[in-house]
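Inspection log for the structure reproduced underneath, given as structure tokens.
The values are calculated or read from the model by the stated rules, or taken from the named source; none is laboratory data. Quantities reported herein were computed from a predicted structural model and do not represent experimental measurements. Quick reminder, even Gly has a Cβ in these numbers, built from the backbone with ideal geometry, and neighbours come from all protein chains shown.
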Amino acid sequence: MSDQERKAKAFQALHVGGTPLVLFNVWDAGSAKAVAVSGAKAIATSSWSVAAAHGFVDGERIPFELAVDNLRRIVCATDLPVTVDLEGGYGNFAETIGLAIEVGAVGCNLEDSFPANGSLREIAEQCTRIREARQSADAAHVPFFINARTDVFLQPGEDRVGETIARSRAYAAAGADGIFAPGLEDIELISRLVEASPLPVNIMVGDRTPSLEALAARGVARVSHGPRPYLLAMQALQLAARAATA
């Protein structure tokens, strides 16, 4: 078994409902090292943070070659499993996942909204993308964790949890390993999703997100901090710089 395969299997095993894997998202090799020594079990990037750290806005605006090189540096900086936020997949998502695996990643986020305007893709279209992503990962002989991000809760709608459940079931059938629902913060709706989803549920921390203990009690398997660590670090840097120049 290769080291990457070992890490991929270990990462898969960390997704247990009721014992959430906490991911304090990073943006470069330095932040990955800092999070790794904190006792983290895995490293995850945030596309928003990676873009901002390199002077770009989110939405696949950072050149893909730069994003891949940054991922390579992160993988080399830690012995922990690394999962990468690939946004919508940068066009040729099957090739994108192949490159992510080539530089050492063991998982990714693949979202179902269009980077240009945030509108949702049709379920059938996203399922096709997930199937092709799974085929690419399987061809590399790595049990790559495809975390299917759905942006339903970033859109208006009446039965958004119902739509998220439908997407979770369809994405599971297409080959996804997890369902990620940023914007979902209501504990009762989170419970409904966990109970109905065939995939482990990933929640992102926001201003109104329930506590980690509450999420664990409802069966959540993964909790991501998204861009918040980067924003906290930049706030601290600004305060320190202001104090030094006052």
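Listed values, structure above:
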{"quantity": "Those residues of segment 36-58 which are assigned to a helix (DSSP H, G or I) and of a type outside the set (S, T, N, Q), in sequence order", "calculated": "Ala36, Trp48, Val50, Ala51, Ala52, Ala53"}
{"quantity": "Residue list for segment 125-177, filter: assigned to a helix (DSSP H, G or I), closer than 19 Å to Asn92 by Cα and aromatic (Phe, Trp, Tyr)", "calculated": "Tyr171"}
{"quantity": "Qualifying residue in segment 81-91 (condition: over 20 Å from Leu23 (Cβ atoms), part of a loop (DSSP other than H, G, I, E, B), of a type outside the set (A, V, I, L, M) and more than 17 Å from the chain's Cα centre (by Cα))", "calculated": "yes"}
{"quantity": "Matching entry among Gln12, Gln4 (being closer than 19 Å to Leu86 by Cβ, modelled with pLDDT of 95 or more and more than 17 Å from the chain's Cα centre (by Cα))", "calculated": "Gln4"}
{"quantity": "Count of residues meeting criterion [buried (at least 19 other Cβ atoms within 10 Å of the Cβ), over 13 Å from Arg129 (Cα atoms) and out of contact with any helix residue (DSSP H, G or I) (no Cβ under 6 Å at 6 or more places or on another chain)] in segment 87-104", "calculated": "2"}
{"quantity": "Filter pass, Leu80 being at pLDDT 95 or above, buried (at least 16 other Cβ atoms within 10 Å of the Cβ), in contact with a strand residue (DSSP E or B) (Cβ under 9 Å, 6 or more places away or on another chain) and aliphatic (A, V, I, L, M)", "calculated": "yes"}
{"quantity": "Residue list for segment 198-246, restricted to those being farther than 19 Å from Cys108 by Cβ, outside any helix (DSSP H, G or I) and modelled with pLDDT of 95 or more", "calculated": "Pro198, Val205, Gly206, Asp207, Arg208, Thr209, Pro210, Ser211, Arg218, Gly219, Val220"}
{"quantity": "Segment 187-246, subset among the hydroxyl-bearing types (Ser, Thr, Tyr) and within 21 Å of the chain's Cα centre (by Cα), residue surrounded by the most Cβ atoms within 10 Å (Cβ to Cβ)", "calculated": "Ser224"}
{"quantity": "Residue match in segment 60-67 (condition: closer than 25 Å to Leu193 by Cα and crowded, with 18+ Cβ neighbours inside 10 Å)", "calculated": "no"}
{"quantity": "Candidates Lys33, Lys7, filtered to the one that is part of a helix (DSSP H, G or I), without any contact (Cβ under 8 Å) to a residue 60 or more places away in the chain and not polar (S, T, N, Q)", "calculated": "Lys33"}
{"quantity": "All positions within segment 36-67 that are among the β-branched types (Val, Ile, Thr) and touching a residue at least 40 places away in the same chain (Cβ under 8 Å)", "calculated": "Ile43, Thr45"}
{"quantity": "Options Ile62, Ile74; residue that is under 27 Å from Phe114 (Cα atoms) and in a helix (DSSP H, G or I)", "calculated": "Ile74"}
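This table checks each residue for (1) hydrophobic (A, V, I, L, M, F, W, C); (2) out of contact with any Phe, Trp or Tyr (no Cβ under 9 Å at 6 or more places or on another chain); (3) surrounded by 15 or more Cβ atoms within 10 Å (Cβ to Cβ).
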| site | (1), (2), (3) |
| --- | --- |
| Leu21 | yes, no, yes |
| Phe24 | yes, yes, yes |
| Lys41 | no, no, no |
| Ser46 | no, no, yes |
| Ala52 | yes, no, yes |
| Val75 | yes, yes, yes |
